[in-house]
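All remarks here apply to the structure that follows.
The values are calculated or read from the model by the stated rules, or taken from the named source; none is laboratory data. Just so it is clear, the structure is predicted and the values come from calculations on it, not from any experiment. Quick reminder, even Gly has a Cβ in these numbers, built from the backbone with ideal geometry, and neighbours come from all protein chains shown. Only protein heavy atoms, including side chains, enter the accessible area calculation; ligands, DNA and RNA are left aside. Shrake-Rupley method; radii C 1.70, N 1.55, O 1.52, S 1.80 Å.
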Amino acid sequence: MKLCTLFEKLPYLVETRGNMVTEIAALCSNSREKVNQGLFFCIPGARFDAHDYAPQAVENGCVALVVDHFVNVDVPQVKVTSVRAAMARMAAAFYGHPADGMRLVGVTGTKGKTTTTYMIKSILETAGMKVGLIGTTGNMIGDKRIASNYTTPDPIDLQRDLRAMADAGVQAVVMEVSAHAIDMARLDGMEFEVGAYTNLSQDHLDYFGTMESYFECKKRFFTSGMVKNAVLNVDEETTVNILRDLTIPHLTFGIAAAADLFARDIEISESGVSFELKLQGMHALPISLRMTGMFNVYNAIAAASCAMVLGISHEDIKKGLEGIESVPGRIEMLPTHTPYRMILDYAHAPDALDNILRTCRDFTRGRLIVVFGCGGDRDKGKRPIMGRIGGELADYCILTSDNPRNEDPMAILAAIEEGIRETGCPYVVIENRREAIRRAMEMGQPGDVIALCGKGHETYQDIRGVKHPFDEKVVVAELLAELDAE
C-alpha cells in the first residue's frame, strides 16, 4: 500500500517530506522490531521519545516515519499533530477499515467490563450472530482465542485483529474500552453503535493522577462523538456528570435509583442469582444467572441494556444471560472437591476486593480466608486501602506477591499491612505466592471459603520485567496432589 493512501483522509496531517508513493508493507511502533517496508510511528512518551529511535527503526526495515517533528533521517516523513491518533486512523486504513462492516459495542468502567462483554457476546450469539470479543482475557473470534497484551490493544494489533474478525464473517464486536485506550487515542476514528458505562472506583491513579482526571477520560468516550447510543449505570454517582453533557440517545439501568431498565426481586445464592428484569412500561422478564454476586446483577442489566439498544429480542436476552456459566478468573469456583471452597477472582483494586469478599461472605459457613497482594509500579495509594478492606471483611488474610514488577515485593506488602493492622484481623505475610496458597489450603476446614484474589485469568507473575509462568488453577491442582500425597 502506498504511503499517501494511508493519510488520504487524515485530519491530523501537517506536512510531508520525501516520496509519498513509497510502498508500505507493515506498520511498526517498536524500533527494535524487524520489518520489511515498514512505517514507523514516532510516539513521544513519558519516559522516552520514539523520535530518538527512528534511525534504529530504519536499520530494522522501516522505510518511512510518522512524526510530530521532522527528524534527521533520510526517509519519507509524515508530520502530524498527534502521532497516537494518526496511528489509530492509519492502521485502520492499512487493514481496510475492518470495523466499518461490523456492529461495535464498547464497555467502559473500572469494574465489570470483562463479565459484561462476555454476557453481551452470549446474548448476541443466542440471537444468531457471529461475535468477536476484545478484552482483558484475550480476544476471541467466536470460540477461537487470540492472544492480547492489553485490555484494549494498541491500534496496530487492534486493527489487525478486527481485520481477522471481518474476514471470518464476524457481524458484531464487543470490546472492553479501557481509560488508557481512550487517553492514548487507540480508538480514534472508530464508531460504536452502543457504549456502556458500568461504574467508577479508584484504580490507575499511577497514570491519571487524580480521580477527576480518570473520570473525565472515561466520560470522553461518550462525549467525543465516538459512541452513537449510550447505556449508563444510574446508581453510579458519577453518571449524572455524564448525563449533563450527553447529546446522544441513552438508556439508564440500575437497581437502587430510578432507571429505564431495572432489576427487582433479587435473590442471591452460592450458585447464582435470580431477579426480574423490567423496562419501564414492559412486563417483567425473569432471569436466573449461574453466576453469583450483586455485581453480576449490574453486569447482566448492563448487557441487557446494550442488547435492547441493538434490537435484540427479550427472549434472546434471557437465553443469552442464562446460558453463560462463568467468565475466566471472575468469581470462578475451582473444582477442588475439598471440604472447603476455593474461588479465583481478578479483584486487584479496592472496590473489586470489597465486592468479591462481600459476595463470598454471603455463602461462607465457616471462615473466609483471602489471599491477595497489590501490583508493583502501580497506584500505591490503594495498598493500605485494600489491606483495610481485607481485614474488615475476611476472617484471615494472607498477604502475598501479585506482579511486583520492578518494586521490592516486601515494600508493597508493608504498605498493605498499614491498612490491615487497623482492623485487628489476623494475618500473615508470605511473599512467595505458591507458598501463600499452600498455607491457605492447609488451613482450610469444612465450610471455609478461600478467595484467591488479584490474578484471576492471568497465567504469570511479572517480576523485574520477566513474566514467570504462574497459573493459579494449575498451582492449586499441583498443591492438592502434594497435600494428598502427604
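When the range 236-252 is filtered for residues that are closer than 17 Å to Ala300 by Cα and more than 21 Å from the chain's Cα centre (by Cα), the ones remaining, listed by number, are Leu251, Thr252. Scan the range 227-242 and give yes if some residue there is surrounded by 15 or more Cβ atoms within 10 Å (Cβ to Cβ), in a strand (DSSP E or B) and not hydrophobic (A, V, I, L, M, F, W, C), otherwise no. Yes - at least one qualifying residue is present in the range 227-242. Highlighted here would be strands (runs of 3 or more DSSP E) found entirely within the range 406-481 that include at least 2 residues which are surrounded by 13 or more Cβ atoms within 10 Å (Cβ to Cβ) and polar (S, T, N, Q), but there are none. In the range 31-48 there is no residue matching the filter, namely being in contact (Cβ under 8 Å) with a residue 60 or more places away in the chain, over 25 Å from Leu162 (Cα atoms) and among the charged types (D, E, K, R).
Taking the numbered list (1) in a helix (DSSP H, G or I); (2) under 29 Å from the mean Cα position of the chain (by Cα) in turn, Val58 passes all entries but (2). Among the residues of the range 434-444, those identified as over 20 Å from Ile331 (Cα atoms) and out of contact with any strand residue (DSSP E or B) (no Cβ under 9 Å at 6 or more places or on another chain) are Glu435, Glu442.
Surrounded by fewer than 18 Cβ atoms within 10 Å (Cβ to Cβ) and touching a residue at least 24 places away in the same chain (Cβ under 8 Å): is that true of Asp245 in this structure? Answer is yes for this residue. The set of residues from the range 165-181 being within 16 Å of Ile43 (Cβ to Cβ) and either buried (at least 23 other Cβ atoms within 10 Å of the Cβ) or at pLDDT 95 or above (or both) comprises just one member, Ala181. Listed by first and then second residue, the pairs with beta-carbon distance under 6 Å, at least 6 apart or on different chains, first residue in the range 101-115 and on the phi > 0 side of the Ramachandran plot, second buried (at least 24 other Cβ atoms within 10 Å of the Cβ) and among the aromatic types (Phe, Trp, Tyr), are Gly109/Tyr197.
Looking only at the range 454-475, filter to residues that are farther than 22 Å from Arg439 by Cβ and more than 17 Å from the chain's Cα centre (by Cα); which one of those is modelled with the lowest pLDDT? So that I can check it myself, show each step before the final result.
Start the filter on the range 454-475 by keeping residues that are farther than 22 Å from Arg439 by Cβ, which leaves 457, 462, 464-467.
Filter once more, so that each one left must be more than 17 Å from the chain's Cα centre (by Cα): 462, 464-467.
On the way: Asp462: 95, Arg464: 94, Gly465: 90, Val466: 95, Lys467: 94.
Among residues in the range 454-475 that are farther than 22 Å from Arg439 by Cβ and more than 17 Å from the chain's Cα centre (by Cα), the one modelled with the lowest pLDDT is Gly465.
Would you please name the residue that is least open to solvent (accessible area, probe 1.4 Å), looking only at residues in the range 196-214 that are touching a strand residue (DSSP E or B) at 6+ places or on another chain (Cβ under 9 Å) and not hydroxyl-bearing (Ser, Thr, Tyr)? Looking at the filtered set, the residue picked out is Ala196.
I need the full set of residues from the range 371-384 which are open to solvent by 20 Å² or more (accessible area, probe 1.4 Å) and aromatic (Phe, Trp, Tyr), in order please.
Initially, the range 371-384 is screened for residues open to solvent by 20 Å² or more (accessible area, probe 1.4 Å), giving 377-378, 380-381, 384.
Once the filter is applied, which keeps residues that are open to solvent by 20 Å² or more (accessible area, probe 1.4 Å) and aromatic (Phe, Trp, Tyr), the range 371-384 yields nothing.
For the residues Leu344, Leu310, Leu334, the requirement of being surrounded by fewer than 20 Cβ atoms within 10 Å (Cβ to Cβ) and farther than 22 Å from Gly195 by Cα singles out Leu334. Of everything in the range 307-337, what is over 25 Å from the mean Cα position of the chain (by Cα) and under 30 Å from Asp448 (Cβ atoms)? Give them in sequence order. Result: Pro335, Thr336, His337.
When we screen Gly387, Gly293, Gly329 for residues that are open to solvent by less than 20 Å² (accessible area, probe 1.4 Å), touching a helix residue (DSSP H, G or I) at 6+ places or on another chain (Cβ under 6 Å) and under 21 Å from Ser401 (Cβ atoms), the only hit is Gly387. The strands (runs of 3 or more DSSP E) found entirely in the range 105-164 that carry 2 or more residues being at pLDDT 90 or above are 131-134, 139-141. Of the candidates Ile430, Ile398, Ile420, the single residue that is among the aliphatic types (A, V, I, L, M), more than 25 Å from the chain's Cα centre (by Cα) and under 17 Å from Gly456 (Cα atoms) is Ile398. Selection over the range 275-325 of residues that are among the β-branched types (Val, Ile, Thr) and either in contact with a Gly (Cβ under 6 Å, 6 or more places away or on another chain) or on the phi > 0 side of the Ramachandran plot (or both) gives a count of 1. The set of residues in the range 1-19 that are within 30 Å of the chain's Cα centre (by Cα) and open to solvent by 60 Å² or more (accessible area, probe 1.4 Å) contains only Pro11. Across the range 35-60, the number of residues qualifying as open to solvent by 60 Å² or more (accessible area, probe 1.4 Å) and either over 23 Å from Gln159 (Cα atoms) or hydroxyl-bearing (Ser, Thr, Tyr) (or both) comes to 8.
Of note, Leu187 satisfies the criterion of being outside any helix (DSSP H, G or I), buried (at least 20 other Cβ atoms within 10 Å of the Cβ) and not aromatic (Phe, Trp, Tyr).
Could you check the range 20-34 and list, in sequence order, the residues that are part of a loop (DSSP other than H, G, I, E, B) and either surrounded by 18 or more Cβ atoms within 10 Å (Cβ to Cβ) or under 27 Å from the mean Cα position of the chain (by Cα) (or both)?
Start the filter on the range 20-34 by keeping residues that are part of a loop (DSSP other than H, G, I, E, B), which leaves 20-22, 24-25, 29-34.
The answer is Ile24, Ser29, Asn30, Ser31, Glu33.
Within 22 Å of the chain's Cα centre (by Cα) and either under 20 Å from Val429 (Cβ atoms) or open to solvent by 40 Å² or more (accessible area, probe 1.4 Å) (or both): which single residue out of Leu357, Leu368, Leu393 fits that description? Outline the logic, then answer.
Working: Leu368 fails: within 22 Å of the chain's Cα centre (by Cα); Leu393 fails: within 22 Å of the chain's Cα centre (by Cα).
Exactly one residue qualifies, and that residue is Leu357.
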